[in-house]
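Taking it in order: structure first as structure tokens, then the write-up.
The values are calculated or read from the model by the stated rules, or taken from the named source; none is laboratory data. The structure presented is a predicted model; accordingly, all values stated were derived computationally and were not measured. Because the Cβ atoms are built from the backbone with ideal geometry, glycine has one as well, and the counts that use them run over all protein chains shown. Please note that ligands, DNA and RNA were not included when accessible areas were found on the heavy atoms of the full protein model with its side chains. Shrake-Rupley method; radii C 1.70, N 1.55, O 1.52, S 1.80 Å.
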Amino acid sequence: KVYPDDANAKNLIFSTTNLVEYTGTIEHIFFHPLIAYPQRAFGTSQAQIGQDNYMATVYEFNQVLKQLYERNYVLIDIHSVYDAQYDENGKTIGTSKRTLMLPEGKKPVILSIDDMNYYPYMQTDGEVFKLILNEEGNVVTYSVNPEGEEIISDENEIVPILDNFAKEHTDFVINGAKGCIGLTGYLGILGYRTDEPTWDGYEEELAGAKAVVERLKETGWTFASHSQGHRHSRAISYELFVNDTDRWEREVESIIGETSVYIWPFGEDVAVTDDKFAYLQQKGFSMFCTVSKNPSLDIGSDYVNQTRRNIDGIALRDSRLYDMFDVPSIVDPARTWYNEWVANVWGAGVIPEDAKAQVGEKY
């Protein structure tokens, strides 16, 4: 009554009214930075094939948001599913399941983003260049479009798109939760070259990154380690793994603050009995995320493992997402295989019958 147009007030009321304990599956989906310029992304080169396989477009992300909302999913904070205990040195020594309370009829989904670093190749292959703050202090993007024009936008990347969607759909987020941003550090973060303190302009880059990080935290975003160098955790030596983890702590955690979430590079985890796993626990990590077609949440005595579903070209072409989404209506017509896929693959019945039933006979 006092703040009738305030989204935060509306969300607080929504997220504390008619709550019931949720005991079902907790979905976790993830994206890489979005393809903002499909004309740069799709083609026959090896780089373009990589974009087609591992990225999603702005169109596709908007479709996913729309369907999540229509199907009664709500965003929850990744930390809301577990508690963790640490010793005096910050080592993880215990974990336990938290009771998840949701508005009746709603289903939880966690959103994470891998590699929101804006590596140099992304500037030529279709993504935006960096996250910045606009005059109002909100997170938007900076890029240069294929015509050579500088573009500042709140419509071509996950963070500003979701921020705006949540303002319009205040019942889509629980307690303001948005998503978890997984960062490497070997080429800086969020489009800022924070990896080389000896560079001219480093202090300016560092200040820009810190300002964006602070605003992201204020608006419901959290952070995770995605390792420093995005190496294969199983293949590298223990010594290299330790050095990689320590460097991430120096170069990234020093900017974003402490986090208990570790997102395995390439989705390749190590066994909970491995010395590498123990070292991550020693550094205070308690929540570990990998990749799988099947959602699962494993809460051990001193760790939490959760699988995530990738949403990208590979996932859109196979049947792993049909239990959550009407996949054919998500796929961007800009993809080079779109017309053939809809007309031939789908029409020929190659897609499993149980998946076809999920989306209806119109396909």
Restricting region 219-269 to GluC sites (Glu not before Pro) in coil, as DSSP defines it, with at most 14 other Cβ within 10 Å
E258, E268
Scan of the chain for trypsin sites (Lys or Arg not before Pro) in DSSP loops with at most 13 other beta-carbon atoms within 10 Å gives a longest site-free stretch of 99-292
Simple spin-label estimate for Q282 and T44 in nanometres, 7 Å along Cα-Cβ:
5.2
Entries of K167/K293; K130/K167; K91/K217; K107/K130; K178/K217; K130/K210 with Cα pairs more than 21 Å apart:
K167/K293; K130/K167; K91/K217; K107/K130
For region 193-288 the chymotrypsin sites (Phe, Trp or Tyr not before Pro) that pass both the DSSP coil test and the at-most-13 other-Cβ-within-10 Å test are W199
Normalised radius of gyration for region 116-252, please: alpha carbon Rg relative to 2.2 N^0.38 Å, two decimal places.
1.13
Kindly state, to the nearest 0.05, the FRET efficiency for F266 paired with T99, given R0 = 45 Å and r defined as their beta-carbon distance.
0.85
Residue span E218 to S292: 0.36 nm per residue of separation minus Cα-Cα distance leaves a gain in nm of 23.6 nm
Yeah, region 17-81 with a ≥ b ≥ c from its alpha-carbon gyration tensor (a/c under 1.5 is rounded, else prolate when a/b outruns b/c, oblate otherwise) is prolate
Charge dipole magnitude, Cβ of K and R +1, D and E -1 - region 152-272, Cα centre, debye nearest 20
280
Sort 58-64, 136-142 by packing, meaning the average of other beta carbons within 10 Å per residue, with the highest value first.
58-64, 136-142
For the pair E239/W337, report the inter-label distance in nm, with labels modelled 7 Å from Cα in the Cβ direction.
4.3
Expressed as a rounded percentage, what relative contact order does the chain have, with Cα pairs under 8 Å and six or more residues apart?
20
Equivalent-ellipsoid semi-axes (√(5λ), Cα gyration tensor) for the chain, whole Å, largest first?
29, 26, 23
Kirkwood hydrodynamic radius over Cα pairs of region 44-141, then Stokes diffusion coefficient at 4 °C and 1.567 mPa s, in µm²/s:
74
To the nearest 10 Å², what's T219's accessible area with a 1.4 Å probe?
30
Over region 82-235, calculate the relative contact order: mean separation of alpha carbon pairs under 8 Å at least 6 apart, over the residue count, as a percent.
22
Computed magnitude of the charge dipole of the chain (debye, nearest 20; Cβ of K, R +1, Cβ of D, E -1)
960
Please work out how much accessible surface T170 shows to a 1.4 Å probe, ignoring ligands, DNA and RNA, in Å² rounded to 10.
30
